[in-house]
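Got a structure here, written out as structure tokens. Questions coming.
The values are calculated or read from the model by the stated rules, or taken from the named source; none is laboratory data. Since the structure is predicted, the reported quantities are computational estimates derived from the model, not experimental observations. Cβ placement follows ideal geometry from the backbone for every residue including glycine, while neighbour counts extend to all protein chains displayed. Heads up: the accessible areas ignore ligands, DNA and RNA and are worked out on the full protein's heavy atoms, side chains in. Shrake-Rupley method; radii C 1.70, N 1.55, O 1.52, S 1.80 Å.
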Amino acid sequence: HPRKGILLSSQCHPNLFGKVNGTPVELFHNYTTTALGVVKPKDPTSVHFVGGGNTIGLASIAVAYSKGHRMFHLYGYDSSFRAGKHHAYTQALNDSDRVIEATVCGSTFQAAGWMVDQVNQFQELATQLSNAGCVLTIHGDGLLPTVAREMARQLQENGE
């Protein structure tokens, strides 16, 4: 909403910054080795680094948490191919990604390496958020939702 402002990552395309039409912008940096090597503010308290993982999907969860949100419904976090497609929309950057197979709980998924990394990082982030009192509901039937359901099953089994 224009009155509330816009959160933009420093990794966004520069053209996006020109489209905010005077709306207040809060800039954050993804907590990556690249950003840590490039962003050198004079006043470190003026910079917002956000962790969560190496994908915008995981970083967006961390940003929402930093803004006070504690209940999350995740849609589109499949982390696997569906009908041969890596995204629900055209993203040529990933068209040449090598496809690998990942098997979880007897189901095999087609995925790119970064998708498997996202699932691994999600497990750590989800555990941290759960320990902080957050509730995550993951919708879908891809690799990440399958892993999330298995995590929930194991927690229930262990009485946690």
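Calculate how steeply helix 56-66 sits against the longest principal axis of the alpha-carbon atoms of the chain, using the helix alpha-carbon long axis, and give the answer as 0 to 90 degrees to the nearest 10.
With both axes taken from Cα atoms, the answer is about 70 degrees.
A further question follows. Using only the alpha-carbon atoms, how far is helix 113-131 inclined from the longest principal axis of the chain? Give it as 0 to 90 degrees, nearest 10.
80 degrees
So for TYR77, TYR65, what's the accessible-area order with a 1.4 Å probe, most first? Numbers along the way, then the final one.
Numbers: TYR77 35, TYR65 75 Å².
The ranking, largest first, comes out as TYR65, TYR77.
State in Å² the accessible area per residue of the range 38-139; use a 1.4 Å probe, count heavy atoms of protein chains only, and round to the nearest integer. Intermediate results must be reported in sequence, preceding the final value.
Numbers: 6360 Å² over 102 residues.
Per residue, the range 38-139 has an accessible area of 62 Å².
Could you derive backbone 3J(HN,Hα) for the range 71-85 from the dihedral phi with the Karplus parameters 6.51, -1.76 and 1.60 (θ = phi - 60°), listing whole Hz in sequence and x where the residue is Gly or Pro?
Result, rounded to whole Hz: 10, 10, 10, 9, 10, x, 9, 5, 6, 7, 6, 10, 6, x, 10.
On average over all directions, what projected area in square nanometres does the chain have, based on the convex hull of its Cα atoms?
Working: hull surface 46.3 nm².
Over every viewing direction, the Cα hull of the chain projects on average to 11.6 nm².
Rounded to the nearest 500, what is the 222 nm mean residue ellipticity of the chain from helices alone, with -39500 (n - 2.57) per DSSP H run of 4+ residues and division by all residues?
Values: 5 runs with 55 residues, N = 160.
Taking each H run of at least 4 residues, the total per residue is -10500 deg cm²/dmol.
Given contacts defined as C-alpha pairs under 8 Å and at least six residues apart, what's the relative contact order of the chain, whole-number percent? Intermediate results must be reported in sequence, preceding the final value.
Numbers: 180 pairs, mean separation 32.8, N = 160.
Normalised by residue count, the contact order of the chain is 20 percent.
Does anyone have the angle between helix 143-157 and the longest principal axis of the chain? Alpha-carbon axes, 0 to 90°, nearest 10?
70 degrees
Binning every alpha carbon pair distance of the range 79-160 at 10 Å from zero, what are the percents per bin?
Final binned percentages: 17, 47, 27, 9, 1.
Given the convex hull over the Cα atoms of the range 1-43, what projected area results after averaging over all orientations, in nm²?
So the mean shadow area of the Cα hull is 3.8 nm².
Another one. Could you pull out every residue, at least 5 positions away or on a different chain, whose amide H is within less than 5 Å of the one on LEU7? Hs are placed 1.01 Å off N in the peptide plane, and Pro or chain starts have none.
Result for LEU7 returns GLU26.
Over the Cα atoms, compute the radius of gyration (one decimal) and Dmax (the largest Cα-Cα distance, rounded to a whole number) for the range 49-96, in Å.
Here Rg and the maximum Cα pair distance are 13.0, 38 Å.
If you don't mind, another one. Per residue, how much space in cubic angstrom lies within the convex hull of the C-alpha atoms of the range 1-81?
Working: hull volume 11.4 nm³, N = 81.
Looking at the range 1-81, the number lands at 141 Å³ per residue.
Hey, another quick one. Anyone know which of GLY22, GLY52, GLY76 comes out most mobile in the 10 Å Cα GNM of the chain?
It is GLY22.
Please go through the range 44-124 and write out the trypsin sites (Lys or Arg not before Pro) that DSSP classes as loop and that have at most 12 other C-beta atoms within 10 Å. Intermediate results must be reported in sequence, preceding the final value.
Details: sites: LYS67, ARG70, ARG82, LYS85, ARG98; in loops: LYS67, ARG70, ARG98.
Taking the range 44-124 and a limit of 12 other Cβ atoms within 10 Å, the loop trypsin sites (Lys or Arg not before Pro) found are LYS67, ARG70, ARG98.
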